[in-house]
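Below is one structure, written out as structure tokens; comments come after it.
The values are calculated or read from the model by the stated rules, or taken from the named source; none is laboratory data. As the structure is a prediction and not an experimental result, all values here were calculated from the model. So basically every Cβ, Gly included, is an ideal-geometry build from the backbone, and we count neighbours across all protein chains shown. Only protein heavy atoms, including side chains, enter the accessible area calculation; ligands, DNA and RNA are left aside. Shrake-Rupley method; radii C 1.70, N 1.55, O 1.52, S 1.80 Å.
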Amino acid sequence: MECKEAVILFERCAQTEVVQIERCNVGIANYVFIITAAGKYILRCSKNEDAYQDTVFLIGKLSACGIPIPVVLWEGKYEDYSYLILSYIDGDDIGNIYCNLNDNEKKQTAREVVEIQRKVSGIDIQADSGWTWNSCVNEILDRAEERIKKNRCFDINKVKIVKELQPEIQGYLDHVQPIPYLDDISTKNLLIYEGKLSGIIDIDWIGLGDVLTFIALTRVALLNMNFDTKYIDYLLEELHPDAAEYRAFVFYCLIYCVDFMGERGTQFLDKTIPVNDSIIRRLNDIFDILLEEWNNCA
């Protein structure tokens with residue numbers, strides 16, 4: 001969607017003139033715009049049918065828990081698009097301002113995020129019939145394998161290595177229950193304003209399973225950005241995993257590492273995820289570090 005179309009859509013809904021519009025670089029499955037009119041708003045558009053049905057449902061569930069999330073203002077259809085207009089929350093993705101946070105701010109954010117996850121765990125969300133945690137794990141690995149094969153930027157054997165580790169913690173994985181948690185708050189979707197958590201955005205789905213995966217995803221993202229991982233240490237301190245849980249956490253880190261590899265060179269909407277020799281080398285190095293950690297905690 002072009003900015004011109006987005007302006008027309010918004011003005012029809014809000015019955016107010018757009019002063020400024022900015023296409024966001026975040027998001028690989030939606031067109032996202034920041035719109036300034038009488039106030040500030042977020043416009044999200046997708047060509048998928050009923051793209052935001054789950055989003056609206058989940059925002060309603062999470063709002064009841066007192067979690068800082070946007071308010072749904074308008075939703076509907078515009079030509080070939082589904083759209084959602086939300087209230088704007090001040091702040092920036094934690095990954096964008098991570099280096100500006102001091103240790104106390106990182107620790108406080110970790111404490112608040114874990115408390116939010118505890119609230120989310122109490123939401124009544126039913127798993128689909130036949131749900132298993134193993135199928136969720138396998139889905140990520142199979143997706144990574146398919147993309148790496150297609151893009152040919154990384155060694156497909158890395159996915160094979162991770163798959164061969166899975167039987168070693170099969171007993172742990174078999175006992176993971178479908179407990180709700182926010183699985184996509186990593187270096188993105190978690191807003192920080194003036195050093196404090198201000199909101200959570202892009203709630204298109206909710207995870208069911210092991211809450212440790214969101215920490216693993218965040219760790220791999222921070223490593224990929226060459227940032228320190230003190231925030232991860234603080235998150236783990238709040239959850240205090242035992243030895244078996246920590247081993248599963250390292251396994252999840254390896255899963256997300258190959259998932260990142262699979263994304264490189266893949267096109268989403270009108271964007272292609274960048275890939276070059278430096279990125280390939282960095283992700284390969286991260287994989288080796290994580291594999292060594294796995295071997296040491298075996």
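What number of residues within the range 260-298 satisfy the criterion of being over 22 Å from residue 233 (Cα atoms) and assigned to a helix (DSSP H, G or I)?
Here the count works out to 9.
Provide a single number: the residues in the range 137-152 that are within 30 Å of residue 69 (Cα to Cα) and either touching a residue at least 24 places away in the same chain (Cβ under 8 Å) or in contact with a Phe, Trp or Tyr (Cβ under 9 Å, 6 or more places away or on another chain) (or both).
3
Tally up the residues in the range 252-275 that are at pLDDT 85 or above and more than 18 Å from the chain's Cα centre (by Cα), please.
Residues that pass the stated criteria total 0.
Checking residue 56 against (1) open to solvent by 50 Å² or more (accessible area, probe 1.4 Å); (2) assigned to a helix (DSSP H, G or I); (3) of a type in the set (A, V, I, L, M, F, W, C), which test does it fail?
It is condition (1) that residue 56 fails.
Under 6 Å by Cβ, and 6 or more places apart or on different chains, what pairs join a residue from the range 123-136 that is within 17 Å of residue 211 (Cβ to Cβ) with one that is open to solvent by 60 Å² or more (accessible area, probe 1.4 Å)?
Within 6 Å, the pairs are 123/61.
So which residues in the range 216-255 are charged (D, E, K, R) and buried (at least 21 other Cβ atoms within 10 Å of the Cβ), if there are any at all?
Within the range 216-255, just 219 meets the criteria.
Which residue pairs have Cβ atoms under 7 Å apart, sit 6 or more places apart or on different chains, and have a first residue in the range 103-114 that is closer than 19 Å to residue 93 by Cβ and modelled with pLDDT of 95 or more and a second that is open to solvent by 80 Å² or more (accessible area, probe 1.4 Å) and not hydrophobic (A, V, I, L, M, F, W, C)?
106/230
Yes/no per residue for (1) of a type outside the set (Ser, Thr, Tyr); (2) closer than 28 Å to residue 226 by Cβ; (3) over 18 Å from the mean Cα position of the chain (by Cα):
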site	(1), (2), (3)
85	yes, no, yes
93	yes, yes, no
104	yes, yes, yes
107	yes, yes, yes
121	no, no, no
127	yes, no, yes
147	yes, yes, yes
150	yes, yes, yes
154	yes, yes, yes
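Which of the strands (runs of 3 or more DSSP E) found entirely inside the range 1-50 contain at least 1 residues meeting this: open to solvent by less than 30 Å² (accessible area, probe 1.4 Å) and without any contact (Cβ under 8 Å) to a residue 40 or more places away in the chain?
Counting at least 1 such residues, we get 31-36, 40-46.
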